[in-house]
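Worksheet for the structure shown next.
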Amino acid sequence: MTPTPIVALQKPKDISLHEIEAELSKIWLSQNSGSGTPIATRAATFSMVVYEPEEFQQLLAGLGFYSGPIDGIHGPLTKAAVKEAQIAYDLRVTGRVDPTTLARLREEFAKQPDDRTQITNLNARGFSISDAIAAQNPCRIITLCPVLGDDQGVSAQVSAYCPVQKGGTGSNLVCCEYITLRGTKTALERVSDIVASLMIPDLPKFIWWKATPNPEQTLFQSLTTSTNCIIVDSSYFSDAESELLKMQHLIEQNTFIADLNWHRLSPWQELTAAAFDPPERRDSLAEMDQVAIDYEKGNAAQALMYLGWLASRLGWKPVEYQATGGDYDLRHIYFEGTNHRRIEAELAAIPTADWGEIMGDLVGIRLTSTNCNADCCTILCSETTGCMRMEAGGSAQSCRTEQVSALSDQRAEALMSQQLQRWGRDMLYEESLAVTADILTLRDR
């Protein structure tokens, strides 16, 4: 895809926190040439706060594995640095920052002398936003960039950019304001009220929290109360089970949550539903009592949300949770279905050699019945990884088997663009997550 051309009304300019609104006003006043029509207009669609930690790049830089910019881009340079660190610390080499790798990086960084905790890499966060988001004409983007090291207060930069739309001209630009705030987590906490006040009144307000959400964090709490929607991506969660419970708690407090990882499940949900469209197969749904879900080891969010969706659609009530572990971190969840039928679901974390971009992608699903005469056996396999484990055994010959093609672009930025076009409560997600939370509550008993 060709990047959208960008016109800069003002390159990033360092200012104090209290000069932000005045400096942005100067930008728009400067666009009036006196002839009556401004050459650029301020977008009036929505405001967005982006919490962009990218802690792992800073840790890799401080430990000497990474020399590139702190930009949040998981490109070849970053992946090579992660692999180098995993080899050095005798971790499983994947090139991706899983919870185990992140914990070890934090541990090793904490051992460093003070002079090694000051990251000198170019901090490129906040200077641009994805084309997919810019195309939605945001009015204002406020990027929060936590930094490691000593607390030296919060620095601010402002700028304005205009994506050139196809067929547009230089005299017809719709532009976005960019505000970038940098400081330690503690420093950003201190200015949480200022951050909330920077969002434009009377416009929809979004928070994109590109980290594991922490409802106890002052900054998170402040932003939650001043937004229409908190957008997360559970593929980032360091402890998916615990964090999904927190998301459910926020929904119960009438906070609107959108999980980008939920949208990655749509091809699996659509093919599951299509498999039971024929009337004769639809009647056999009541006989389904065995579910097996394989997912890429590292994050169980997709597997748990899919199971919550399936159970919520079929009216299954979770009654028992068993973790048996082993090479596949096996977990068994038992449900009570219609007519008190007992349903067993197995979740298996599959170690895969070729990791995709998203941690925890579904690998395969098998839906079957202990009733051999029931026509409900269905196998769904990832187009990229296959699912030999699901197809093992003679029963696969009598199953309906489908290959699942992932969304054409699973990146968070592309999914964000879709989310911004359809914002509003997603009742299907909320009903499914409620069942997922019931499952996880059984785990903690």
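For Leu173, nonlocal amide neighbours, meaning residues 5 or more places apart or on other chains whose placed amide H falls under 5 Å from its own, are Thr41. Length available on full extension from Asp90 to Ala434: 0.36 nm per residue minus the Cα-Cα distance, which gives 120.0 nm.
Residues of the range 293-323 falling in the label zone of Thr338, defined by backbone nitrogen less than 20 Å from a point 7 Å along Cα to beta-carbon, are 307-319. For the chain, the 222 nm mean residue ellipticity estimated from helices alone, with every DSSP H stretch of n ≥ 4 adding -39500 (n - 2.57) and the total spread over all residues, rounds to -9000 deg cm²/dmol. Short-range pairs are left out: with C-alpha atoms under 8 Å and at least six residues apart, the relative contact order of the chain is 15 percent.
With a simple spin-label model that places each label point 7 Å from the Cα along the Cα-to-Cβ direction, the separation between Ser242 and Glu383 comes to 3.7 nm. Principal-axis analysis of the Cα atoms of the chain puts helix 427-443 at an angle of about 70° to the longest axis.
A simple spin-label model places pseudo-atoms 7 Å from Cα toward Cβ; at Leu407 and Thr370 they are separated by 3.8 nm. Maximal additional length on extending the Ala323-Ala22 stretch stands at 102.6 nm, based on 0.36 nm per residue less the C-alpha distance.
Protein heavy-atom surface of the range 401-445, 1.4 angstrom probe: 44% of the accessible area is carbon and sulfur, with nucleic acids and ligands not counted. Taking other residues whose beta carbon is less than 12 angstrom from the beta carbon of Asp71, and scoring Lys, Arg as +1 and Asp, Glu as -1, yields -1. Note on Arg282/Lys83: beta-carbon distance plugged into 1/(1 + (r/R0)^6) with R0 of 45 Å gives a FRET efficiency of 0.40. Per atom type, the range 175-266 shows carbon and sulfur on 47% of its accessible surface, probed at 1.4 Å. Report, in degrees rounded to the nearest 10, the 0 to 90 angle that the Cα long axis of helix 301-314 makes with the longest principal axis of the chain. The angle comes out near 60 degrees. The angle separating the long axis of helix 99-110 from the principal Cα axis of greatest extent in the chain is about 40 degrees. Placing a label point 7 Å from the Cα of Ser67 along the Cα-to-Cβ direction, the residues of the range 90-121 whose backbone N falls under 17 Å from that point are 119-121. The Thr186 and Leu330 beta-carbon pair, evaluated with R₀ = 51 Å, returns a calculated FRET efficiency of approximately 0.80. The residues of the range 228-304 expose on average 32 square angstrom of accessible surface per residue, using a 1.4 Å probe on protein heavy atoms.
Placing a pseudo-label 7 Å from each Cα along the Cα-to-Cβ vector at Ser398 and Glu216 gives an inter-label distance of 5.3 nm.
Between the beta carbons of Asp444 and Thr120, assuming R0 = 35 Å, the FRET efficiency works out to 0.20 to the nearest 0.05.
The values are calculated or read from the model by the stated rules, or taken from the named source; none is laboratory data. This one's a predicted model, so the numbers in the text were calculated from it and none came from an experiment. Cβ atoms come from the backbone with ideal geometry, glycine included; neighbour counts cover every protein chain shown. Keep in mind that these areas ignore ligands, DNA and RNA; they rest on the heavy atoms of the full protein, side chains included. Shrake-Rupley method; radii C 1.70, N 1.55, O 1.52, S 1.80 Å.
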